[in-house]
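Notes follow once the structure below has been shown.
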Amino acid sequence: MFARVLLLLIVVLGLHGCSSYRPAGDAFHKSLVGPYTLDSGDRVRLIVFNQTDLNNEYTVDQSGYVSIPLIGNVVARGKQTSELAKNIASRLDNGFIRNPDVSVEIAQYRPFFVMGEVKVAGQYAYVTGMTVQTAIAISGGFSTRAQQRYVDITRQLNGKILTGRVALTAPIRPGDTIYVRERFF
């Protein structure tokens with residue numbers, strides 16, 4: 001009798017461990033349709049018209065800032081490119097350049113990461129419109145032990161780190177970490 005209860009307890013706890021993981025929530029998917037916001041690792045192209053010395057590419061650092069000549073560090077994390085352009089123009093207008101015309105565009109997105117049961121785990125360059133399937137293909141494809149129906153994606157949203165389980169056809173965003181699990185059989 002004791003052995004049966006113990007076996008039942010082990011099965012229940014094992015199933016509970018499998019069921020405690022939830023699929024990706026609404027906020028996770030809504031981030032795909034919202035405007036793109038900058039974060040560490042993004043590279044932006046700054047164009048200040050008639051100011052060729054300021055025109056350059058700048059990388060958002062680990063603290064979420066871009067360092068611009070004349071004005072120093074400007075907050076970029078969580079900003080859209082248009083917001084960053086307005087902030088830079090405002091700071092330049094404050095005693096440096098009269099009525100600056102500033103444009104900011106993304107020169108290169110921050111990388112995404114692939115881990116787990118793939119042939120070559122690592123960091124890869126993001127290209128607009130990528131799906132989980134294309135990201136795995138870039139990493140050399142699945143290993144022989146890979147779970148090939150879904151993956152886990154970790155994504156940072158508004159300062160929170162969320163993890164969700166998605167299908168291979170799901171789109172990814174710059175900075176995502178894709179984890180391919182091992183299959184049981």
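Observations, loosely collected:
- Extension gain for residue 70 to residue 160 (0.36 nm times residue separation, less C-alpha to C-alpha distance): 29.1 nm.
- Size descriptor, Kirkwood hydrodynamic radius, that averages inverse alpha-carbon separations across the stretch 43-108, Å: 11.6
- Estimated vicinal HN-Hα couplings, Hz - the stretch 82-91 in sequence order (Karplus 6.51, -1.76, 1.60; Gly, Pro = x): 5, 5, 5, 4, 5, 5, 5, 4, 4, 5
- Dipole magnitude (debye, nearest 20) for the stretch 43-108, charges at Cβ of Lys, Arg, Asp, Glu: 140
- For the stretch 113-138 versus the stretch 60-78, the spacing of their alpha-carbon centroids is 28 Å.
- For the stretch 32-143, the Kirkwood radius over C-alpha pairs fed into Stokes-Einstein at 25 °C and 0.890 mPa s yields D = 158 µm² per second.
- Full-stretch length increase - residue 49, residue 120 - with 0.36 nm per residue and alpha-carbon distance subtracted: 21.2 nm
The numbers here are math on the coordinates, done by the rules we state, and not lab data. What you are looking at is a predicted structure, and each value in this text was computed from that prediction instead of being measured. A quick note on method: Cβ atoms are made from the backbone with ideal geometry, for glycine too, and the neighbour counts reach across all protein chains shown.
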